[in-house]
Amino acid sequence: MTITVTTPPVPRLAPEWQDWLASNVVRGCSDADMMRTMRDNGFDEQYARVAISVVRSMTERVQQNSPSLLTDYKADRIRLPASPRIRAGDREVQVGFTMSDPNVALLIDVLSEDECSKLIQLSAGKLKRSEVVDRKTGGTEVSNVRTSEGTHFDRGENAVIQRLEQRVAALTGVPVENGEPVQILHYRVGGEYKPHHDYFEPADPGSANFLKTGGQRIATFVFYLNDVDSGGDTVFPELEMGVAARRGSAVYFEYHNVEGKIDPRCLHGGAPVVRGEKWIATKWLRIGPYVSA
Ligand SMILES: O=C(O)CCC(=O)C(=O)O
């Protein structure tokens, strides 16, 4: 008699996790750190160990043979479909304009009036002075560069956030898991966010700490939750362009050029509010799955 032993197929590691492991190896992360994150995300320990060792050995070989392949993320073209009206999951969205080099788009009616009001209402009681990244230490600090108050919602925290995240994923093709928690910001008269970059500057000593949780940022959505009476545009000084805050619309921009290099022309800021107030929701997208530290 012949006994055939069959072993169940080993599930394939999702491409996002392969990318996440590879980018961590490139950054010099230890196996123990990667293991901890995979375990926290429900991976079996033995499976995670094998996955880390396979991706590490493949990545190190590529690193030796063609180092340029691993250095950067490449934005070939804007991650949004080219059409005046596009489907964003459960909602049809109007495209106000798109530009490439660098990739920027204005999206109209991405959030309904009710959704905007709900996000404001849910945030109102829990706002704290906003902070900025400390580029030396990898911590955060209060600074006059950013004079807003803010709070955040964890991924999937409520129904409006879930819809927003699904729309972002449908528009960009970037998985929900690669999104940072939605930040809600409130600016009063005079409140502003001086021009800055949202990516973590590779040369800064503090960046390594932020890169641990999903790799480099690749794109931003700024959703406008109210109309601002005067001022408060999102400004792009290098592009000589400003986007007015209009309830329900969003400006989307990416940070990498067609050569896969970070393009500093995505410099942007929130101009001072002159009259009224400004509420926005910011969503940053990472190259790999984001797991908060
Ligand atoms: O306030 C704005 O319009 C821009 C906000 C911003 O730059 C950010 O949150 O990174």
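Annotations for the structure displayed:
- Long pairs among Lys136/Lys283; Lys128/Lys212; Lys128/Lys261; Lys194/Lys261; Lys126/Lys283, criterion Cα-Cα beyond 30 Å: Lys128/Lys261
- Peptides 201-212, 227-238, 275-286 ordered by packing proxy, namely the average of other Cβ atoms within 10 Å per residue, highest first: 275-286, 227-238, 201-212.
- Highest to lowest packing among 214-221, 258-265, scored as the average C-beta count within 10 Å: 214-221, 258-265
- For Lys136, net neighbour charge (Lys/Arg +1, Asp/Glu -1) across residues whose Cβ lies under 14 Å away: -3
- Label separation (Ser83 vs Ser30): 5.0 nm, computed from points 7 Å beyond Cα along the C-beta direction.
- Shape of the range 85-286, Cα gyration tensor, a/c cut at 1.5: rounded
- Taking every DSSP helix (H) stretch of at least 4 residues in the chain, weighting each as -39,500 (n - 2.57) and dividing the sum by the residue count yields a mean residue ellipticity at 222 nm of -8000 deg cm²/dmol.
- Likely footprinting exposure, Val50, Val176, fewest C-beta neighbours within 10 Å first: Val50, Val176
A short reminder: the numbers here are calculations on the coordinates, not readings from a lab. Small disclaimer: the values here were computed from a predicted structure and weren't measured. We place every Cβ from the backbone using ideal geometry, glycine too, and count neighbours over all the protein chains shown.
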